[in-house]
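Following: one structure in structure tokens, then a few remarks.
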Amino acid sequence: GGGSGPAVVGVHLRRKDYRTYANGTLFFDDRTVVNWLRQLYRERDCVFILFSDEKIELDNYQGLPVIPAEGNAGEDLYLMSRCEYLLGPLSTFSWVAHFLGNNSICFIDKNKIKVSFCDFKKNVTGVV
């Protein structure tokens, strides 16, 4: 925090089970995610750490400062908790990282067109 250097935004791309879970309402393709990330990047200097349960096609994220997280679930959870901001679908995994790290989180869904840093909230409780 404190405005020194870029904001670190953890992006949770939960793909495998979310393709079909709840009729796919929590599944987002790269194009949708890139649109959100571009909005945030225009708003302020930031770096995105991408967390996924599938291989990330980095070609789809050209022009954005992205770093794929390549840890196991435990390492990813820890790294997510250390991010200043978390962006992702409603999931226990994202929420636990938010809870552990006391960072700011923004849950995204299919209806969300615009994403801004003011959408990120602290101390989100009782999600799932």
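What follows is calculated from the coordinates using simple rules that are stated; it is not laboratory data. None of the values given here were measured: they were computed from a predicted structure. Ideal geometry is used to build each Cβ from the backbone, glycine not excepted, and the neighbour counts take in all protein chains shown.
Label Asp53 and Thr25 with points 7 Å out from Cα along Cα→Cβ: what is the distance between them in nm? Distance between label points: 1.9 nm.
Debye sum, Cα scatterers, region 81-121, no solvent: what log₁₀ I/I(0) at q = 0.18, 0.23 1/Å? Taken in order of the listed q values, log10 I(q)/I(0) reads -0.45, -0.70. Near Cys46, the amide H atoms lying under 5 Å from its own belong to Ala7; only residues 5 or more places off or on other chains count, and H is placed 1.01 Å from N. Here is the size of the chain from its Cα atoms: Rg then Dmax, 13.4, 41 Å. Computed packing ranks the peptides 39-50, 55-66 as 39-50, 55-66, most packed first, by mean other Cβ atoms within 10 Å. Spin-label model, Lys114/Glu70: points 7 Å from Cα along the beta carbon direction are separated by 3.8 nm. Across region 1-111, the mean sequence separation of Cα contacts (distance under 8 Å, 6 or more residues apart), normalised by length, yields a relative contact order of 32 percent. For region 27-128, the residue among Gly71, Ser81, Val124 whose Cα projects farthest onto the positive side of the dipole built from Cβ charges is Val124. So, in nm, how far is label Asn102 from label Asn35 when the simple model puts each one 7 Å beyond its Cα toward the Cβ? Here the modelled spin labels are 3.7 nm apart. In summary, the lysines within cross-link reach of Lys55, defined as a Cα separation below 19 angstrom excluding same-chain residues under 8 places away, comprise Lys16. Sorting the segments 88-99, 73-84 by their mean number of nearby beta carbons within 10 angstrom, highest to lowest, gives 88-99, 73-84. With only the Cα atoms considered, region 19-78 has a convex hull volume of 108 Å³ per residue. In this Cβ point-charge picture (+1 for Lys and Arg, -1 for Asp and Glu), the chain has a dipole of about 420 debye about its Cα centre.
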